[in-house]
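These notes concern the structure reproduced below.
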Amino acid sequence: MIREKSINAWQTGILLFFMFFANKILVLPSLLFSEAKFEGIFAVVFLFLLEFGLLILFYKLKVKYPSIKFYEMVKNCFGKITTKIVFFLVAVYFLGKIILLYNVTYIFFSNLIYRESNNFLFLACFLPVINHLAICGIRTIGRTAQIFFPAVVIVLIFSIAVGVFGIEGGVVVEQAKFVNIVFASLKHLSSFGDVIILFLFMDKIEIKKGEWKIVFSLSGASMISVLAVVLVFFLSYTYTSFLHPFAFFEILSFVKEYYGGLGRIDIISMVFIILLTYFQLAVYLKVFFVCFDGLFPKLDRVYSVLTFNFIFILITTFAVINLSKIILYGESYLPYLSLISFVIVPLCVIVALFGKKNKEKKE
Amino acid sequence: MKHFFKKIWQTPMFLIFVLIGLFYGIPSLGNPAEINRFAIVTAVGIDKAEQEDFDYEVSLLTFVPVPEQTFTEFYKVISASGNSIEEALDYAGLYTGRQVGLSHIKTIVLSEDLFDEDVTKVLDYLMRDKEVSSSTKLIAMDGKAKDFLNAVKDLDSQSSYSVSEIVAYNEHYIYATGCSLEAFFKGYFSPTKASIVPVFSLQSGDDEGISTENGGGGGEQTSSGGSGGKSGGQGGRQIVNNGDAIVFKNGEKQKDISGDDIVKINYFRGEFKTGGITIEDFNGEPFGKASLSFDISGKKLRNKVVFENGIPTIYTDIKFTVTLSEVEQEDEQFNKDVDLYNVTKNETSQIEKQIKREMAEALEIMREAKTDVANFYTLMYNTDKKSFKRFLDSLDDKEDYLRYTLFKTSVRVHSK
């Protein structure tokens, strides 16, 4: 069952392409608008720049240590206890991200089509698939993603192109202050920082010399696509963007409502969202498993699977399933945990990169 | 067979798929059909409640789907009161014995007694409800919304002619204006805080008007012409869509605008696709004291802002392409095909003068009402933010910026 083989440059790039959409194309644009108006898009640009910085850091690390495990690397630099703490925090952070992503998707679908469905139906649809993918390993996820990639790209290009028809002129920009943009960025820090996934799988990633451009190109394309979705959404709904919480769906819905002709094209966005959500949840879950293995190396995989499912079902059944609650939790607690992505992991990597160098120099 | 089951047993995903099918598929077959649970609402009317205990009365133009061989739907108007829109809708559900299905709403009608207060309070629930489409048309009623829906009831039941379609075409013509729920809130949240909503009214059937009556009482009546259109309803009442509108500012009624004035304002708004321009008493070859009607087949509107000495000047350049469509002469019939007639300079300059005069009147209307329904604010702000802010700061009343803005209009009319 467990097929832990490596992924190549294309699969890495495609996984990054998919991950850059996680938690960014549904609720986030609407929240950014309510906090920073049209300038909310600069928060996305700023956070993507940080994300790109992490990717460059990963590149440097991978070039220097092509086959080392992240766990080993951190352990060598900081010792066993610190490594366990870092892995514990990463596991909690990704569990939080899974809950956020799952609930936003659940609310999206229950609001729009499956009004009377309960959480258990959604769990029945999601849990088996993401568990299966995560247990099969990163190579299985990568290869499956590779199969779906052309369809995802076509749907994405189509959606953005159609969304352009809904753009309205005559809006006042420059309404928010710089401080609003900074606050919006900090509040939604947890929706970004997915590049650290690569650090956790770094021993499973095999990128040949000259193939890095594939990873960078696909990452760049994904970032530009997310920015295009946010921009089209803002320019379609203008001053009422904050009243529409499901951005990617809303841009197609806007064209459907006001220009007709193409029929229910908004269904395309639902297919796109469900497909991406499966992959994103599977990758997050895989990260959780990796962290669990790091924390309890002697325990069998079945324990990590049971632990995750038990906690996940418990939280989603009793704690959340309410958009305002999830957003509150996403804005209030997760940003602090995002320090793992933007501070702790990069710090570990920098120490590993330069600390070793210093040691070598001393020798 | 044994091998088959062994293979299935080794594929846990298949087993899970079967389990999901058993748990969710089979019970769903026993669920009653949605058409048996929902009352389908196509229009909502909101009035102030007559009872003191409640704030609002909500009327729903609804039909219950029943299987039959024709496409006719039998509508009913159901009213319920509540302290909020949601509460009133719940009560309406109680009265029908069905769940109120809002996803088919195409029109929201606001009663005139709501206009003294902020109407966004009334519309808030409908705007935020995910079932109600943001493209739902919003109309204001010169009277009670409930009466309007009662008049519409027969129109929708007995013909394929629907009131939502009448409103949909409002945006198409220069004579009227349309407003969706989304457009209303966009205006409300924009810097101008202004939204423009079309007004419908009801007239008794024996009133003077240009209408054709088909069939018995409450049958279909349609008409169009001049500046108004009427559609028949219950007890001979007619729905009148003259192109009249109300400007809302900060959600409250700011000004009534007549259909004639809407035409003038629409020159600046430029959202229409077609319409006509009529010149009365035109004297000049080959016509003699004629009334000439021209069809607008194309238009191009361009605005440019220049700040001169801190005062914004808006240069509006409009190009119209027109074709002669109708000639009414006192003495004799015009003996040429209008399609082959080439509109002369003399006629186009007459049209230009008329449009210029009407645009000046439109500006006066907007200035008086202090409402910028043409969204000049955004144009000025985006052209030169600093200068515009300085200009606004120099005014005693910042809302009155249109009065101190200079306008220079250039109208060019071409023959097709």
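Among the residues of the stretch B:107-116, none qualifies, meaning not one is within 24 Å of A:S253 (Cβ to Cβ), buried (at least 17 other Cβ atoms within 10 Å of the Cβ) and within 14 Å of chain A (Cβ to nearest Cβ). All of A:G193, A:G169 fail the test of being within 14 Å of chain B (Cβ to nearest Cβ) and either within 30 Å of A:V90 (Cβ to Cβ) or out of contact with any helix residue (DSSP H, G or I) (no Cβ under 6 Å at 6 or more places or on another chain) (or both), apart from A:G169. The criterion of being in contact with a Gly (Cβ under 9 Å, 6 or more places away or on another chain), of a type outside the set (G, A, S) and part of a helix (DSSP H, G or I) holds for A:I251. Note on the stretch A:226-249: residues that are within 13 Å of chain B (Cβ to nearest Cβ), under 23 Å from B:T378 (Cβ atoms) and touching a Leu at 6+ places or on another chain (Cβ under 9 Å) total 4. Across the stretch A:335-342, a minimum of one residue is classified as part of a helix (DSSP H, G or I), in contact with a Lys or Arg (Cβ under 8 Å, 6 or more places away or on another chain), modelled with pLDDT of 85 or more and not polar (S, T, N, Q). Here A:Y106 does not fit the description of being within 19 Å of the chain's Cα centre (by Cα), modelled with pLDDT of 90 or more and either surrounded by fewer than 16 Cβ atoms within 10 Å (Cβ to Cβ) or among the aromatic types (F, W, Y) (or both).
Tell me, yes or no, whether the stretch A:113-129 has at least one residue that is surrounded by fewer than 18 Cβ atoms within 10 Å (Cβ to Cβ), without any contact (Cβ under 8 Å) to a residue 24 or more places away in the chain and among the charged types (D, E, K, R). Looking for residues that are surrounded by fewer than 18 Cβ atoms within 10 Å (Cβ to Cβ), without any contact (Cβ under 8 Å) to a residue 24 or more places away in the chain and among the charged types (D, E, K, R), one finds at least one in the stretch A:113-129, hence yes.
Condition check for A:M73 on (1) farther than 30 Å from A:I107 by Cβ; (2) under 22 Å from the mean Cα position of the chain (by Cα); (3) surrounded by 19 or more Cβ atoms within 10 Å (Cβ to Cβ): one failure, at (2). Annotation note: Cβ proximity below 6 Å between a residue of the stretch A:68-91 that is at pLDDT 90 or above and of a type in the set (S, T, N, Q) and a residue that is part of a helix (DSSP H, G or I) and buried (at least 16 other Cβ atoms within 10 Å of the Cβ) (sequence gap 6+ or interchain) occurs for A:T83/A:V74; A:T83/A:K75. When the residues of the stretch B:117-142 are filtered to those that are more than 30 Å from A:L252 (Cβ to Cβ) and crowded, with 18+ Cβ neighbours inside 10 Å, the one that is nearest to the other protein chains (Cβ to nearest Cβ) is B:A140.
If the condition is being more than 10 Å from chain A (Cβ to nearest Cβ) and among the aliphatic types (A, V, I, L, M), then the stretch B:361-379 contributes B:A362, B:L363, B:I365, B:M366, B:A369, B:V373.
The values are calculated or read from the model by the stated rules, or taken from the named source; none is laboratory data. Remember, predicted model here, so these are calculated numbers, not experimental data. Methodologically, a virtual Cβ is constructed for each residue, glycine included, from the backbone with ideal geometry; neighbour enumeration extends over all protein chains shown.
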